[in-house]
Amino acid sequence: MTTVTSAPPSTETASIVVKALDASPEPLKAKQIGEALTGPFRFKPDELQRTLDELVAAKRIHQLPPYQGKVRYWTRSLDEFARTRIRQALDRRPLTRSELKRSVKTSLPGVSEKRQGEILKELEQQGHVHKLPPLLNSRTERFSMRPADPREYVTHALDKLAEKLSKVGIDEQRLRAACREVLDGQATEPAPSTAPPAERPIASATAHAGATAPQTETSVAVDEGNGRPPVPRDDELARLVIERMQAITSASHAALVSITDLRRQPEFDSVEKSTFDRVLLDLGRKERVALHRHDYPMSLDEEERRRFVLDGHGRYYNAVSVRVESRELRVES
Amino acid sequence: MSLPADIPNPFRESVVADPWSADGVDVPRIHASVFDECCRAVDELRSSGRSAGILIQGQAGSGKTHLLRRLRMEFTSQDTPPTDPPRPRQIFSSIRLQTSPGMIWRHVRRRLTEDLLRASDGRICQLDQLLRFRMAEKRPAIGHLDLWWQYLWDEHPDAVDELLDHLAEHDGFDYPATTVLRHFLGGTHRRETLGWLRGEQLPDSALEKLGLKPSDEETAEPEAEARAAIRAFCALAGPQVPVVLCFDQVESLQADPEDKAGLFAFGQLVAALHDETENVLIVSCMQSSFLDDIRKHVRGADYDRIGSRATLGLDLLRFPQSVELVQSRLDAVEPLAALRAGHGALWPLSESDVRTIVGDQGCTPRELLKSCAEKFTIAQRGAAVDAPPVEEFLRDEWDGRLDQAIAKNDANNTEPILARGLPFLISVAAPDWKQQERDPRLPDVDLLFADKATNARAGVSLCTQGSMTSLAARLKRLRKQHAEAELRKLILVRDPRSPIGAGAKKANQYLSELRTNGAAFHQPSPELLAALDALASLLSEAQSGDLSAAGETVTPRTVREWLAAHLEPELSEFAELVTGAAASDDASDHAAADEDAAAADRLTEFLQERRMATIDEAAEHLGCDALALETAARRRPRQFALLTGPPTVVFERVESASPP
């Protein structure tokens, strides 16, 4: 049974609360803070509230505007919170200005659209956010945490061309053959990334994850201070993928798992799409999973295709199963 | 060494069209685990007493139908079962879901019955085997079952009735079903009996022959009747004889990619079969591309039942399996044996060829065979032969399917052809229109279409009843529904080969009233129905990933675009009748068309009695104008034949397809 102390808030108590808020990746409501405190630092709600009020008055923590009817507290300012939210949204995939606005709208009460625009500009000026040129046949600029990747533009243009030419009977295979001819033997493998080490590979949904050689990436992606858990290594991810697949299918052997469902698992929240795709393709190459290609990707819109795993050859995989012969195998660390 | 040009390319055939097709090259190791799981499931059904579902998913060309053929061979093999009396080990039926959601139960009943009536390898059909076995359980058979059966018929014919009554009591067969089964066992009124078992709408005269009354159309629910019949067939098999129902081409239930009703109806069908039977293994085959759609459109509880035992994926082939498949195809061509001696096992191909085709993620059997066929051709002729353009392929497919549809077209198929084909036709010819779910206020309007922009609705009622009593009852109800419904147009469709005779006074009266109130009456020609059937079959196969041009899967979008550009004029007119302000709305055209149709109806009825007559005799007998009658007959060349005179003689054409 949990004992709730009635001791008055002390300096030590206040610093524990500050520490808890500091460690939190996002602002917390009073109730959430209470639940985060343990042992002797669990207080009655009114006492905790008094401590929080004192800390706000002393400007040691910030009180943020109500969200879902309750104020929240954090050691960082509202602007800082807005910066984090924007970075998180752009980290998933490039967004247009209006998509970004919609994405952060509900979670940023108290931050005007004008202020959001200013923060975005600041992030851009500081080099944290990149403004990407519009895709083919579009005039809308997009924003991303990573610089523009030519592969995304080429893939997008090829998709558009394939759609257009399929109407006159030219299939995707012919189109790709023509591209290779036009390039006249130039290397079709993507050039090694020139991004600095701190930059992660492009998170674009259409990045050519599979075109890269099988990776044995062992580095752990660094928590950039945006409050997200560190990204696991490829081999750990592979193990997680198999585990989650077995959990989704209740360990039913060879059952198909939708890539969309798999990607939605919370374990992969912080994993970039390109990394996720690379791990899946690598598991496929090693015959641990069987990837299923979508037969008519061009019948889907771009948003839908973006949810699938894409290899370096314009193939979209929408489902995956653990190979029967390898279901007992454990992914080696 | 070069390859002679007359050696057949062993990799050309890459599609198994039907699980009942003749046995071909099979590599048991491919998809062996999925096959084994199905076999285990059948064995376990015998003891579990609970129906189960297995969902099999794979890419287009991954071998779903091939696997069903392997299951069919396994489950219908001739091994003598170690039982006394001998009984079938299990019942097998494979059902392509080329139907409309509103007729799904009737379609399953028809296909299940057809499979139950299949007699292969000189053996009696599955239904015969079942009935004899169940009767022998009740009245023990001594010695050989066939001899016992003969003895029973010769010496104790009354006992057959008693045994049938016993079955009826235990397995839920109602009086009409028991009566028809007796005809089946006795071999009497074969055509009518088989038609009834398949769920066809029989005319009053056929029902009379069978000793049955026309069904009460006020309360008749054809889907519910079909569902009850399927349940009864499954119960007839009993707990020791599992019924394996394989559903293929589930995707073709969707009239267009946005259609939700088809997949939803499939979920409901499987759930009902799963819960209302005790001995059924439901094997559902779907394309893995539809995985997310299935999850979205099928109710969660229904989805669970579809894969209640297992959900299995057909993995892509890896290198060793691919080598085995290539080698077995080469082995099957005898003239190659001598040429291959002294070369590698895959000659004229090589392991490296296969490795390249398989790639790092694997390939489908269809992809493997396609690439191998190309390489074999190069080895044989020194150069690749360009595959014909997809337009040419589709033209050939269309012509072939149309010929087949014309050959098998008869009035009994009119309702399923219209129910399945019309939504496809509208989706191709009038993409601005969308099929809607049935309106409970309009139970006799089978198909509803709405203009996406204005939401104006057009309804189609399939008035295909064979019995005039049933037809009159439907038309009477439609009269009321038409008056109350907000429909821009109501089209009543009936096959011209099932005439509404002058004696059908009520039916004629209600029809006339409906037309006076603006409903259109359309009698599609057999040619139009065949074209509709061909269109639906082509699109269904494309949607199921089963349409392959030189080993390359042809997408539904390609087929739709080709069909839209090459639609037969009669089909366009039919679509226009439903969705547009069609010419038939014009009063004078309408009246002329009515008279023409009525003349053809009456002539049909007259010729069913007289077989042959001069036009003048027929006109005199029917009390109508001879020229109008001759014109009506000439407009329907598949229905009537005319011998140029004088005098001009007319007679009814005989159906080219013989009944089974």
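Tell me yes or no: at least one residue of the stretch B:54-67 is open to solvent by 10 Å² or more (accessible area, probe 1.4 Å) and at pLDDT 95 or above. So far as the stretch B:54-67 goes, no, none of its residues is open to solvent by 10 Å² or more (accessible area, probe 1.4 Å) and at pLDDT 95 or above.
Of all residue pairs spaced 6 or more apart or on separate chains, those with beta-carbon atoms under 6 Å, a first member in the stretch B:223-236 that is open to solvent by 10 Å² or more (accessible area, probe 1.4 Å) and a second member that is part of a helix (DSSP H, G or I) are B:GLU223/B:TRP105; B:ARG227/B:TRP105; B:ALA229/B:ARG109; B:ARG231/B:GLU276; B:ALA235/B:ASP171.
Selection of the stretch B:36-53 for residues being open to solvent by less than 30 Å² (accessible area, probe 1.4 Å) and within 14 Å of another protein chain (Cβ to nearest Cβ) yields B:GLU37, B:CYS38, B:ALA41, B:ALA52, B:GLY53. Reported count of residues in the stretch A:148-174, each being open to solvent by less than 30 Å² (accessible area, probe 1.4 Å) and more than 24 Å from A:GLU124 (Cα to Cα), is 6. Scanning the stretch A:45-91 for residues that are among the basic types (Lys, Arg) and either in a helix (DSSP H, G or I) or over 28 Å from A:GLY117 (Cβ atoms) (or both) gives A:ARG50, A:ARG60, A:ARG83, A:ARG85, A:ARG87.
The condition (being within 14 Å of chain A (Cβ to nearest Cβ), free of Cβ contacts under 8 Å to residues at least 24 places away in the same chain and not aliphatic (A, V, I, L, M)) is satisfied by just one residue among B:GLU561, B:GLU552, B:GLU541, B:GLU573: B:GLU561.
For the stretch B:6-21, enumerate the residues that are open to solvent by 80 Å² or more (accessible area, probe 1.4 Å) and either aliphatic (A, V, I, L, M) or outside any loop (DSSP other than H, G, I, E, B) (or both). If the condition is that a residue be open to solvent by 80 Å² or more (accessible area, probe 1.4 Å) and either aliphatic (A, V, I, L, M) or outside any loop (DSSP other than H, G, I, E, B) (or both), then no residue fits.
Every test in (1) assigned to a helix (DSSP H, G or I); (2) farther than 23 Å from A:GLU80 by Cα is passed by A:LEU136 save one, and that test is (1). Scanning the stretch B:351-368 for residues that are among the acidic types (Asp, Glu) and within 14 Å of chain A (Cβ to nearest Cβ), we see that the one that is farthest from B:VAL16 (Cα to Cα) is B:ASP360.
Each row is one residue, and each column tells you yes or no for (1) crowded, with 16+ Cβ neighbours inside 10 Å; (2) closer than 19 Å to B:GLU251 by Cβ; (3) among the β-branched types (Val, Ile, Thr); (4) within 14 Å of chain A (Cβ to nearest Cβ).
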{"residue": "B:MET286", "(1), (2), (3), (4)": "yes, yes, no, yes"}
{"residue": "B:SER289", "(1), (2), (3), (4)": "yes, yes, no, yes"}
{"residue": "B:ALA301", "(1), (2), (3), (4)": "no, no, no, no"}
{"residue": "B:ARG309", "(1), (2), (3), (4)": "yes, no, no, yes"}
{"residue": "B:LEU314", "(1), (2), (3), (4)": "yes, yes, no, yes"}
{"residue": "B:LEU325", "(1), (2), (3), (4)": "yes, no, no, no"}
{"residue": "B:ARG329", "(1), (2), (3), (4)": "yes, no, no, no"}
{"residue": "B:HIS343", "(1), (2), (3), (4)": "no, no, no, no"}
{"residue": "B:LEU349", "(1), (2), (3), (4)": "yes, no, no, no"}
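Checking the structure you have, find out if any residue of the stretch B:525-542 is of a type in the set (Ser, Thr, Tyr), more than 25 Å from B:ARG635 (Cβ to Cβ) and either under 25 Å from the mean Cα position of the chain (by Cα) or buried (at least 20 other Cβ atoms within 10 Å of the Cβ) (or both). Scanning the stretch B:525-542, I find at least one residue that is of a type in the set (Ser, Thr, Tyr), more than 25 Å from B:ARG635 (Cβ to Cβ) and either under 25 Å from the mean Cα position of the chain (by Cα) or buried (at least 20 other Cβ atoms within 10 Å of the Cβ) (or both), so the answer is yes. Which residue, of B:LEU529, B:LEU539, is within 23 Å of B:ASP451 (Cβ to Cβ) and of a type in the set (A, V, I, L, M)? Checking each option against the conditions leaves just B:LEU539.
Across the stretch B:79-105, the number of residues qualifying as open to solvent by 20 Å² or more (accessible area, probe 1.4 Å) and either at pLDDT 95 or above or of a type in the set (S, T, N, Q) (or both) comes to 4.
Here is a yes/no grid of residues against (1) more than 9 Å from every other protein chain (Cβ to nearest Cβ); (2) among the charged types (D, E, K, R):
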| position | (1), (2) |
| --- | --- |
| A:VAL271 | yes, no |
| A:THR275 | yes, no |
| A:ARG278 | yes, yes |
| A:ARG285 | no, yes |
| A:HIS292 | no, no |
| A:MET298 | no, no |
| A:GLU304 | no, yes |
| A:PHE308 | yes, no |
| A:HIS313 | no, no |
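Which ones in the stretch A:242-269 are more than 23 Å from the chain's Cα centre (by Cα) and either facing chain B (nearest Cβ under 10 Å) or assigned to a helix (DSSP H, G or I) (or both)? Within the stretch A:242-269, A:THR249, A:SER250, A:SER252, A:HIS253, A:ALA254, A:ALA255, A:LEU256 meet the criteria. Looking at (1) within 20 Å of the chain's Cα centre (by Cα); (2) surrounded by 24 or more Cβ atoms within 10 Å (Cβ to Cβ), which is the one condition that is false for B:PHE264? Here B:PHE264 clears every test but (2).
Take the conditions (1) open to solvent by 40 Å² or more (accessible area, probe 1.4 Å); (2) touching a Ser or Thr at 6+ places or on another chain (Cβ under 6 Å); B:MET468 misses just one of them, which is (2). Across the stretch B:146-163, the qualifying residues are those that are more than 26 Å from B:ASP174 (Cα to Cα) and hydrophobic (A, V, I, L, M, F, W, C), and the one among them that is surrounded by the most Cβ atoms within 10 Å (Cβ to Cβ) is B:TRP148.
For residues that are closer than 23 Å to B:ASP546 by Cα, open to solvent by less than 40 Å² (accessible area, probe 1.4 Å) and either within 14 Å of chain A (Cβ to nearest Cβ) or of a type in the set (S, T, N, Q) (or both), tally how many sit in the stretch B:369-389. Residues meeting the conditions: 2. Checked against (1) out of contact with any strand residue (DSSP E or B) (no Cβ under 7 Å at 6 or more places or on another chain); (2) surrounded by 21 or more Cβ atoms within 10 Å (Cβ to Cβ), B:VAL358 passes all but a single condition, namely (1). The residues of the stretch A:295-311 that are in contact (Cβ under 8 Å) with a residue 24 or more places away in the chain and either of a type in the set (D, E, K, R) or open to solvent by 20 Å² or more (accessible area, probe 1.4 Å) (or both), listed by number, are A:MET298, A:GLU302, A:ARG305, A:ARG306, A:ARG307, A:ASP311. Once the stretch B:448-464 is narrowed to residues that are of a type in the set (S, T, N, Q) and open to solvent by 10 Å² or more (accessible area, probe 1.4 Å), the residue that is nearest to the chain's Cα centre (by Cα) is B:THR464. Just one of the listed residues (B:GLU415, B:GLU397, B:GLU392, B:GLU334) is surrounded by fewer than 16 Cβ atoms within 10 Å (Cβ to Cβ) and either of a type in the set (Phe, Trp, Tyr) or away from every other protein chain (no Cβ under 14 Å) (or both), namely B:GLU334.
Residues considered: B:VAL428, B:VAL445. Of these, the only one that is open to solvent by less than 20 Å² (accessible area, probe 1.4 Å) and not in a helix (DSSP H, G or I) is B:VAL445. When A:GLY227, A:GLY210, A:GLY185, A:GLY117 are checked against the criterion of being modelled with pLDDT under 80 and in a helix (DSSP H, G or I), a single residue qualifies: A:GLY210. Taking the criterion of being crowded, with 19+ Cβ neighbours inside 10 Å and not aliphatic (A, V, I, L, M), the residues of the stretch B:249-258 that qualify are B:GLN249, B:GLU251, B:SER252, B:GLN254.
Looking only at residues in the stretch A:99-120 that are of a type in the set (Val, Ile, Thr) and touching a residue at least 12 places away in the same chain (Cβ under 8 Å), the one that is farthest from A:ILE86 (Cα to Cα) is A:VAL111.
The values are calculated or read from the model by the stated rules, or taken from the named source; none is laboratory data. Remember, it's a predicted structure, so these values are computed and weren't measured experimentally. In this analysis, Cβ positions are derived from the backbone assuming ideal geometry, glycine residues included, and neighbour counts consider all displayed protein chains. In case anyone asks, the SASA skips ligands and DNA or RNA and just uses the protein heavy atoms, side chains included. Shrake-Rupley method; radii C 1.70, N 1.55, O 1.52, S 1.80 Å.
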